[in-house]
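**Q** What follows is a single structure, and I will ask about it in a moment.
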Amino acid sequence: MNKPVDMENAESILRAALTKEELQNLLFENIGLSKRECREMVNALFEEMRAALEAGEAVKLEGFGRFQPKERPKRWARNLKSGEKISISERRVVTFHPSRKLTESIERQRPALGKPRTS
């Protein structure tokens, strides 16, 4: 039932932004669930992540990274056109911290800096 992920197909999709629909299709192609089941699984995953973040909880995905809500305090900034000082209200944002494994994997895929590209 579980077949290995076709990395050539996955890499071609990952070159652009990976959308929910593409993620659902990858699950359909590689795991063998129905398209409806894949859609429900992806939607349930993101709904649980959203609910945890809204509740102020971090979401840690082993080998991938950690999503964490963070409070940004009120601050002052300057309007670059008018020079006027403006207030930016406090807000809550989500930060992402990649795991060491993900960081190392991405780094291995990056072409070496300073080496000329060959045609």
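The values are calculated or read from the model by the stated rules, or taken from the named source; none is laboratory data. Keep in mind it's a predicted model, so treat the numbers as computed, not measured. Heads up, the Cβs are rebuilt from the backbone with ideal geometry, glycines too, and the neighbour counts pull from every protein chain shown.
Rundown of residues vs (1) touching a helix residue (DSSP H, G or I) at 6+ places or on another chain (Cβ under 8 Å); (2) surrounded by 10 or more Cβ atoms within 10 Å (Cβ to Cβ); (3) in a helix (DSSP H, G or I), yes/no style:
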position: ARG36; (1), (2), (3): no, yes, yes
position: GLU48; (1), (2), (3): no, yes, yes
position: LEU53; (1), (2), (3): no, yes, yes
position: GLY56; (1), (2), (3): no, yes, no
position: PHE67; (1), (2), (3): yes, yes, no
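**Q** Return the residues of segment 98-119 that are polar (S, T, N, Q), at pLDDT 90 or above and not in a helix (DSSP H, G or I); say none if nothing qualifies.
**A** Passing the criteria: only SER99.
**Q** Moving to a separate point now. Between a first residue in segment 18-45 that is within 25 Å of LYS60 (Cβ to Cβ) and a second residue that is outside any helix (DSSP H, G or I) and among the aliphatic types (A, V, I, L, M), which pairs have beta carbons less than 6 Å apart while being 6 or more apart in sequence or on different chains?
**A** ASN30/VAL5
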